[in-house]
Amino acid sequence: MQADEDLRKRAEAALKKTAAYGEDFDLDEYSIASKDVEKTEDLGELSEEDQRTLLNVGFTPSEENRSGSLIMLDNAVTHTSLRDKDVVELMSLKDAMKTHDWVKDYVWKLVKPDADKYTAMSYLQEADGYFIRAPEGKKSKMPVQTCLLLGSKQVSQTVHNIVIVEEGAELDVITGCSTKHGIEKGLHLGISEMYVKKGATLNFTMIHNWAEQIGVRPRTVVHVEEGGKYISNYVTLKPVKSIQAYPTVVLEGKGAFARLNTIAVAHPGSELDLGSRVIFNAEDTKAELISRTITTGGNIIARGEMIGNANKAKGHLECHGLVLGGGMQRAIPILEANVEDIELSHEAAVGRIAREQIEYLMARGLTEEESVGMIVRGFLDVGIQGIPDELKADIDATIAKIGENAI
């Protein structure tokens with residue numbers, strides 16, 4: 001088709017352009033990750049090391065309290081399992097397009113293939129990924145879990161995910177992104193298009209645990225219809241070279257709601273450019289953008305943007321950042337009102353932990369290290385549900401280390 005050919009030409013042109021902002025990765029430095037990877041039928045047969053890698057991004061290898069599981073290793077989906085096919089549908093995107101002819105109507109509709117060089121790469125590579133669908137009226141009691149895993153050295157992983165929550169349905173997703181042991185340098189390019197239909201709810205939690213020389217370029221757009229709800233938790237607490245994430249949520253139906261929580265720590269050498277954007281295109285829509293970031297020596301840009309195009313919309317943007325042990329914090333809140341009857345507000349604060357807070361806790365018997373750790377833990381807590389105990393322990397260990405280094 002001529003339209004497909006024109007789009008491909010635009011993507012090829014975009015591939016040659018320098019990134020508009022942030023670190024520009026040379027795609028030629030990375031080979032394309034393999035699509036020919038051995039399948040894993042039984043997750044219990046994974047090595048102890050690989051199982052620990054999964055646990056540290058919220059993926060439970062035992063599949064206990066999970067309605068379905070999917071793993072993508074390099075550029076191939078290597079494992080899928082599903083407990084209740086009546087409640088949720090889970091498979092690779094390529095399999096979904098073979099199974100349902102209508103899936104093509106959802107692919108590359110929210111994200112433009114020629115938006116930038118990283119998006120263009122995923123498009124031109126015909127990237128695979130996960131397809132998750134909650135049928136109309138179905139409510140999953142347990143979350144679906146997925147993991148996007150880099151398992152080869154100095155490769156680019158291209159991913160394309162589609163999530164559809166049909167009218168009146170409810171779906172929880174926990175997805176983790178990580179590298180196998182010994183993989184230090186690589187590139188992750190992830191496209192996600194999510195559709196929340198009328199009266200539906202999607203709770204989406206993403207946890208990153210990359211190696212120190214990994215570049216991460218996710219591109220996400222979420223479309224929410226009348227009365228729909230989208231709740232997002234984005235967590236990255238471990239060292240990584242560079243992450244650039246700026247998901248966009250379009251509130252397209254009356255009464256639609258979105259809440260996006262961003263929790264991040266920038267270690268020495270890390271460059272994190274994180275945030276989220278909400279576009280209010282219908283009346284009575286609401287959104288909350290909450291950002292909690294800490295630098296212990298790296299650089300963080302915390303962005304938040306609200307664009308009001310409809311009356312009676314309400315939005316609040318909150319960016320709070322701590323500087324512990326050097327590094328840079330920059331908060332960039334943007335509010336745009338294009339109609340008269342709208343309420344958009346923002347609150348931004350960047351700085352260190354107040355000494356009087358530490359002394360208050362120390363006066364009650366805590367050590368200085370314990371006091372800082374408690375403050376940091378409370379600062380980062382936004383109430384994420386459904387993560388395994390092993391991940392909670394890993395998060396606590398990371399927070400304790402931050403507290404120790406901050407003294």
Only one of V37, V111, V57 is modelled with pLDDT under 95, within 16 Å of N161 (Cβ to Cβ) and not charged (D, E, K, R); which? V57
Do we find that K9 is in contact (Cβ under 8 Å) with a residue 24 or more places away in the chain and either exposed (fewer than 14 other Cβ atoms within 10 Å of the Cβ) or not in a helix (DSSP H, G or I) (or both) in this structure? no
Does segment 55-64 hold any residues that are over 16 Å from the mean Cα position of the chain (by Cα) and either open to solvent by 30 Å² or more (accessible area, probe 1.4 Å) or touching a residue at least 60 places away in the same chain (Cβ under 8 Å) (or both), and which are they? L55, T60, S62, E63, E64
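Just give me the residues in segment 99-121 being assigned to a helix (DSSP H, G or I), touching a helix residue (DSSP H, G or I) at 6+ places or on another chain (Cβ under 9 Å), open to solvent by less than 50 Å² (accessible area, probe 1.4 Å) and of a type outside the set (A, V, I, L, M, F, W, C), in sequence order. It would help to see each step written out before you state the result.
Of the residues in segment 99-121, the ones assigned to a helix (DSSP H, G or I) are 99, 101-106, 117-121.
Restricting the remaining residues to those that are touching a helix residue (DSSP H, G or I) at 6+ places or on another chain (Cβ under 9 Å) gives 103-104, 117-121.
Imposing the further condition that a residue be open to solvent by less than 50 Å² (accessible area, probe 1.4 Å) reduces the set to 103, 117-121.
The answer is K117, Y118, T119.
Among the residues of segment 244-265, is any among the hydroxyl-bearing types (S, T, Y), out of contact with any helix residue (DSSP H, G or I) (no Cβ under 7 Å at 6 or more places or on another chain), buried (at least 24 other Cβ atoms within 10 Å of the Cβ) and closer than 28 Å to A19 by Cα? Steps first, answer last, please.
First, pick out the residues of segment 244-265 that are among the hydroxyl-bearing types (S, T, Y): 246, 248, 262.
With out of contact with any helix residue (DSSP H, G or I) (no Cβ under 7 Å at 6 or more places or on another chain) added as a condition, the list becomes 246, 248, 262.
Remaining after also requiring buried (at least 24 other Cβ atoms within 10 Å of the Cβ): 262.
Next, from what is left, pick out any that are closer than 28 Å to A19 by Cα: 262.
Checking segment 244-265: at least one residue is among the hydroxyl-bearing types (S, T, Y), out of contact with any helix residue (DSSP H, G or I) (no Cβ under 7 Å at 6 or more places or on another chain), buried (at least 24 other Cβ atoms within 10 Å of the Cβ) and closer than 28 Å to A19 by Cα.
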Which of the residues that make up segment 216-273 are basic (K, R), within 23 Å of A134 (Cα to Cα) and within 16 Å of the chain's Cα centre (by Cα)? R219, R259
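Looking at segment 108-158, which of its residues are of a type in the set (S, T, N, Q) and within 22 Å of H79 (Cβ to Cβ)?
Going through segment 108-158, the residues of a type in the set (S, T, N, Q) turn out to be 119, 122, 125, 140, 145-146, 152, 154, 156-158.
Once the filter is applied, which keeps residues that are of a type in the set (S, T, N, Q) and within 22 Å of H79 (Cβ to Cβ), segment 108-158 yields S122, Q125, S140, Q145, T146, S152, S156, Q157, T158.
The values are calculated or read from the model by the stated rules, or taken from the named source; none is laboratory data. These figures come from a predicted structure and were not determined experimentally. Reconstructed Cβ throughout: ideal geometry from the backbone, glycine too, with neighbour counts over all protein chains shown. Note: areas computed on protein heavy atoms with side chains; ligands, DNA, RNA excluded. Shrake-Rupley method; radii C 1.70, N 1.55, O 1.52, S 1.80 Å.
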